[in-house]
Amino acid sequence: MTSNGDTTGAADPKLKQQNPHRGHEITSKTIKTPQFSYACLQLISDSPTATSPQLDSLTVRSYIGSALNQFLGLTGSAISIDVLKVEGAESWIRIPRKDLSLVLAAVGGWTGGSEGNSRVGWRVKASGNWLSVLVAQGEAGQIWNQ
């Protein structure tokens with residue numbers, strides 16, 4: 001407190017010496033273990049003459065739920081699955097990171113019935129913790145196929 005009762009510290013020489021134009025402090029944060037993992041699945045059929053089955057989000061969820069229920073029982077049906085995108089016979093899903101290996105094992109070994117006598121199953125095209133990396137890898141592979 002100064003002699004005139006000023007408590008702001010305007011007379012403090014240390015405050016005057018600080019540079020008011022220091023700039024911005026840059027901080028960074030590394031995410032070591034993401035909460036979710038991602039997988040790109042392709043529905044395949046054993047009948048070469050049959051057209052590929054038309055997929056929608058509900059069908060994808062039903063097929064994956066059936067695979068999880070068959071592989072893990074009631075525990076498998078409790079795994080949270082988010083269908084992100086369905087395009088043709090491909091679908092992108094998001095699952096909790098800790099359940100990725102269980103889901104991939106379940107859908108990789110599952111075969112189900114479809115309309116007619118054909119059987120369908122899933123082919124895992126890509127999986128990992130970072131969606132942007134998986135999408136970039138898929139698009140890089142398409143460059144050489146055009």
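At 20 °C and a viscosity of 1.002 mPa s, what translational diffusion coefficient does Stokes-Einstein give for region 41-110, taking Rh as the Kirkwood radius over Cα pairs? Give it in µm²/s as a whole number.
After rounding, the answer is 171 µm²/s.
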**Report entry** Peptides ranked, highest mean first, by Cβ atoms within 10 Å: ranges 75-85, 57-67
**Finding:** 57-67, 75-85
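Values in this text are rule-based calculations from the coordinates and carry no lab data. Owing to the predicted nature of the structure, the values given are computational and were not obtained by experimental measurement. FYI the Cβ positions are ideal-geometry reconstructions off the backbone, even for glycines, and counts take in every protein chain you see.
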